[in-house]
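*Asks:* The structure is given below, and queries will be raised subsequently.
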Amino acid sequence: MQDHIREHARLKNEEPPGTKILLENILSKPVTVYLPPAAEGIRELDLLIHFHGTPFVAMQAVHNLKRPMVLAVVQQGSGSSVYAAPFVDVEVYPRLLKTIQDELGVDQIGKVYFSSFSAGYGAVRELLKAHEDRIYGIVLLDGLHTDYLPDATPLAQGGQLNAEKMKGFLAFAQKAVNGEKKMLITHSEIFPGTYASTTETADWLITELGLKRNPILEWGPMGMQQVSETQKGNFEVKAFVGNTAPDHVDHLHGLEDFIEVMIN
């Protein structure tokens, strides 16, 4: 489906100035590490790891942030399972952090933030199982799904969400509510049909946390239209209109705005 009513602005496919390094031996595909000019010479840097999406989008976002930080982009392909699989081995994540630190020659990696778009949430879900203590903030860009139980049975037909796959996200969200972590979730109105939508998973988290949606009408990045928000402590959900592919991709190209919300 295509939508031509909203703007759907897109970033130019250009890499900003700075230092780019490809890590070849950590995952099955290279990890792109980017150090913006503003971060050069800083001995302790916060790190953003972005899962899924063309690297130039995340590179531009980090280049334009008010607070200097380093970026690593993990681009594994299609489907949440290809993002989860590499991190089943609990040694991979610490090795990734250590390699980034060594390649950049910094004294220490400070706070680690995750951002994921669409299927990239698979990596976040897997990493929360063993490494939550080394994750400070999470941004999920229109990408938090789970199965229906029974399989492929939507809520309207009597199905339920597979809450087991949501437990790690709920625990992290509760800590964000309490001010210990930071978490931002964005979602569109896309309903896949055979597995839970980002609206349904956001609803589940909001309910489990004892919160509610607050209707609003505001402009977001890339011509997006926000229609509700939920916020308590450092936990926030932003809901946007749209059920087409361009509406989905808007969330990725709005990364800079959403990361600014997270780190400030």
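The values are calculated or read from the model by the stated rules, or taken from the named source; none is laboratory data. It should be emphasised that the depicted structure is a prediction, and the values quoted were computed from it without experimental measurement. No Cβ is skipped: glycine too gets one built from the backbone with ideal geometry, and neighbour counts run over all protein chains shown. Note: accessible area is taken over every heavy atom of the protein model, side chains too, but ligands, DNA and RNA are not part of it. Shrake-Rupley method; radii C 1.70, N 1.55, O 1.52, S 1.80 Å.
*Asks:* I'm trying to understand the selection: among the residues of segment 25-37, which are at pLDDT 95 or above and either part of a loop (DSSP other than H, G, I, E, B) or open to solvent by 70 Å² or more (accessible area, probe 1.4 Å) (or both)?
*Replies:* To start, the set of residues in segment 25-37 that are at pLDDT 95 or above comprises 26-37.
Of everything in segment 25-37, those that are at pLDDT 95 or above and either part of a loop (DSSP other than H, G, I, E, B) or open to solvent by 70 Å² or more (accessible area, probe 1.4 Å) (or both) turn out to be 26, 27, 28, 29, 30, 36.
*Asks:* For segment 171-181, which residues satisfy the criterion of being more than 23 Å from residue 252 (Cα to Cα) and buried (at least 16 other Cβ atoms within 10 Å of the Cβ)? Working first, answer last.
*Replies:* Going through segment 171-181, the residues more than 23 Å from residue 252 (Cα to Cα) turn out to be 171, 174-175, 177-180.
Hits for segment 171-181 are 174, 175, 177.
*Asks:* Does residue 85 qualify as being at pLDDT 95 or above and over 23 Å from residue 259 (Cβ atoms)?
*Replies:* Values: at pLDDT 95 or above: yes; over 23 Å from residue 259 (Cβ atoms): yes.
Spelling it out, residue 85 is indeed at pLDDT 95 or above and over 23 Å from residue 259 (Cβ atoms).
*Asks:* Now for a different question. Taking the condition part of a helix (DSSP H, G or I), at pLDDT 95 or above and open to solvent by 10 Å² or more (accessible area, probe 1.4 Å), does residue 250 pass? Full working, then the answer.
*Replies:* On the way: part of a helix (DSSP H, G or I): yes; at pLDDT 95 or above: yes; open to solvent by 10 Å² or more (accessible area, probe 1.4 Å): no.
For residue 250, the condition - part of a helix (DSSP H, G or I), at pLDDT 95 or above and open to solvent by 10 Å² or more (accessible area, probe 1.4 Å) - is not met.
*Asks:* Consider only pairs whose beta carbons are under 9 Å apart and that are at least six residues apart or on different chains; among these, list those whose first residue lies in segment 167-186 and is at positive phi and whose second residue is open to solvent by 30 Å² or more (accessible area, probe 1.4 Å) and not charged (D, E, K, R).
*Replies:* Between residues of segment 167-186 that are at positive phi and residues that are open to solvent by 30 Å² or more (accessible area, probe 1.4 Å) and not charged (D, E, K, R), the close pairs are 179/233; 179/234.
*Asks:* For segment 59-100, name all the residues that are assigned to a helix (DSSP H, G or I) and either of a type in the set (Phe, Trp, Tyr) or at positive phi (or both).
*Replies:* Residues of segment 59-100 assigned to a helix (DSSP H, G or I): 59-64, 80-88, 92-100.
If the condition is that a residue be assigned to a helix (DSSP H, G or I) and either of a type in the set (Phe, Trp, Tyr) or at positive phi (or both), then 83, 87, 93 are the ones that fit.
*Asks:* For a quick check of your reading of the model, give me the residue pairs whose first member lies in segment 143-161 and is open to solvent by less than 50 Å² (accessible area, probe 1.4 Å), whose second is among the aromatic types (Phe, Trp, Tyr) and assigned to a helix (DSSP H, G or I), with beta-carbon atoms closer than 6 Å and at least 6 apart or on different chains.
*Replies:* From segment 143-161, the pairs are 143/121; 144/121; 161/204.
*Asks:* Would you mention how many residues in segment 111-142 are open to solvent by 10 Å² or more (accessible area, probe 1.4 Å) and touching a residue at least 40 places away in the same chain (Cβ under 8 Å)? Please lay out each step first, then the result.
*Replies:* At the first step, the residues of segment 111-142 found to be open to solvent by 10 Å² or more (accessible area, probe 1.4 Å) are 111, 117-119, 121, 125-126, 128-134, 136.
Going one step further and asking which of them are touching a residue at least 40 places away in the same chain (Cβ under 8 Å), we end up with 111, 117-119, 121, 125-126, 128, 130-132, 134, 136.
Summing the residues that are open to solvent by 10 Å² or more (accessible area, probe 1.4 Å) and touching a residue at least 40 places away in the same chain (Cβ under 8 Å) in segment 111-142 gives 13.
*Asks:* A further question follows. Name every residue in segment 179-223 that is in a loop (DSSP other than H, G, I, E, B), within 14 Å of residue 236 (Cβ to Cβ) and over 18 Å from the mean Cα position of the chain (by Cα), in order of residue number.
*Replies:* To start, the set of residues in segment 179-223 that are in a loop (DSSP other than H, G, I, E, B) comprises 179-181, 188-197, 209-213, 220.
From what is left, the residues that are within 14 Å of residue 236 (Cβ to Cβ) are 179, 181, 209, 211-213, 220.
Passing the criteria: 179, 209, 211, 212, 213.
*Asks:* Right, here's the next one. If we scan segment 72-79, do we find a residue that is touching a Lys or Arg at 6+ places or on another chain (Cβ under 7 Å) and under 17 Å from residue 262 (Cβ atoms)? Reasoning before the result, please.
*Replies:* Initial filter on segment 72-79 (touching a Lys or Arg at 6+ places or on another chain (Cβ under 7 Å)): 75-76.
In the following step, the residues that additionally are under 17 Å from residue 262 (Cβ atoms) were identified as none.
Among the residues of segment 72-79, not one is touching a Lys or Arg at 6+ places or on another chain (Cβ under 7 Å) and under 17 Å from residue 262 (Cβ atoms), which makes the answer no.
*Asks:* May I ask you to say which residue of 44, 40, 15 is within 30 Å of residue 89 (Cα to Cα), open to solvent by 40 Å² or more (accessible area, probe 1.4 Å) and either of a type outside the set (Phe, Trp, Tyr) or out of contact with any helix residue (DSSP H, G or I) (no Cβ under 9 Å at 6 or more places or on another chain) (or both)?
*Replies:* Numbers: 40 fails: within 30 Å of residue 89 (Cα to Cα); 15 fails: within 30 Å of residue 89 (Cα to Cα).
So the residue among 44, 40, 15 that is within 30 Å of residue 89 (Cα to Cα), open to solvent by 40 Å² or more (accessible area, probe 1.4 Å) and either of a type outside the set (Phe, Trp, Tyr) or out of contact with any helix residue (DSSP H, G or I) (no Cβ under 9 Å at 6 or more places or on another chain) (or both) is 44.
*Asks:* In the set 184, 205, 209, which member is surrounded by 15 or more Cβ atoms within 10 Å (Cβ to Cβ), farther than 25 Å from residue 253 by Cα and in contact with a strand residue (DSSP E or B) (Cβ under 8 Å, 6 or more places away or on another chain)?
*Replies:* Details: 184 fails: farther than 25 Å from residue 253 by Cα; 205 fails: farther than 25 Å from residue 253 by Cα.
Going through 184, 205, 209 in turn, the sole match is 209.
*Asks:* Looking at this structure, is residue 76 at pLDDT 95 or above, open to solvent by less than 60 Å² (accessible area, probe 1.4 Å), within 20 Å of residue 254 (Cα to Cα) and among the polar types (S, T, N, Q)? Let's see the steps before the verdict.
*Replies:* Numbers: at pLDDT 95 or above: yes; open to solvent by less than 60 Å² (accessible area, probe 1.4 Å): yes; within 20 Å of residue 254 (Cα to Cα): no; among the polar types (S, T, N, Q): yes.
Judged against the criteria, residue 76 is not a match.
*Asks:* Need pairs with beta-carbon distance below 7 Å; first residue within 23 Å of residue 143 (Cα to Cα) and within segment 83-108, second part of a helix (DSSP H, G or I) and β-branched (Val, Ile, Thr); sequence gap 6+ or separate chains.
*Replies:* Once the first residue is within 23 Å of residue 143 (Cα to Cα) and sits in segment 83-108, its partners that are part of a helix (DSSP H, G or I) and β-branched (Val, Ile, Thr) give 86/92.
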